[in-house]
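Only one structure is covered here, and it is reproduced in the block below.
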Amino acid sequence: MLWMIVLLESLAAGFVQSVTGFGAGVIMMLVLPYLLNVVHAASLASVVCAGLTFSLAWKYRKKVNWPVLLPLIISYTGAQSLTVHYVKSLDFSRLSIAFGAFLILLAVWYGFFNQRVQVKPRWYIGVFICVLSGISGGLFGFGPMAALYLLPVTKDRDEYIGSTQMLFLFGNLANMAARIAGGLFPPSILGPAVLGIAGILLGKRMGLAWGERLSKERLSRIVYLFIALSGLIMIVKQLV
């Protein structure tokens, strides 16, 4: 059962992230926490997502905006690595509800009010957002807020996808290293992880074929919608 679910979720995860630039972690964590404990589920998701982010980062490596990305990588990976050390002692139910509500409010702000109240995307705002994303990645296995910052500072879809995937690749690698060092990566998940990587790469091919037709404006709408949906999923999972 676990192997089949990992394969199906990985296909969907690869498709979604190849279109929106993020979201693979959200998809992977929809069902896995019901089959594994939350910590091990997040470890499995991080390995599978690392396969996807490496593939996409390599494909779009020439489009990466390094001057913008470097301080974000440092803040994102640093916050994520530190957070992983505390996951065993935290109450995930309350955190999930609060963070889900935060994602919904963030998506509503960017979708409806950000164009009316112009805030220039300064580097320190990006660092702050990536610290929040890193904390989220360490806790839940995904941190989508960084995508909201990179959307307006990148010039086109290719630069956005390349920059987000390079950021998330460093985050996935740091996450995996911290989990292995902390004993949060059991050998039993290696088999499903290999299957998941194969599935997520297949999903990537389907997502790229569809996503390349999107304009930057339409991509932005999809990103805002999916972040709100991610928050709603987190809340519902804790209430049902």
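Bear in mind these aren't lab numbers, they're just calculated from the coordinates by the rules spelled out. Because the structure is a prediction, the values reported are computed rather than measured. Cβ placement follows ideal geometry from the backbone for every residue including glycine, while neighbour counts extend to all protein chains displayed.
Structural remarks
- Once backbone amide H atoms are built at 1.01 Å from N, T154 has no partners under 5 Å, excluding neighbours fewer than 5 places away on the same chain.
- Label point of A209 set 7 angstrom out along Cα-Cβ; within segment 6-40, amide nitrogens under 20 Å from it belong to 7-21.
- For the pair segment 21-60 and segment 151-186, the centres of their Cα atoms are 11 angstrom apart.
- Aspartates and glutamates whose Cα lies under 20 Å from that of K62, excluding same-chain neighbours fewer than 8 positions away: D156, D158, E159, E212
- Each of the trypsin sites (Lys or Arg not before Pro) that DSSP puts in a loop and that has at most 14 other Cβ atoms within 10 Å breaks the chain; the longest unbroken stretch is 1-115.
- Multiplying the residue separation of R218 and F112 by 0.36 nm and subtracting their alpha-carbon distance yields 36.7 nm.
- In a simple Cβ point-charge model (Lys, Arg +1; Asp, Glu -1; nothing else charged), the chain has a dipole of about 480 debye relative to its Cα centre.
- Amide N proximity, segment 128-144 versus N37 label position 7 Å along Cα-to-Cβ, cut-off under 17 Å: 139-141
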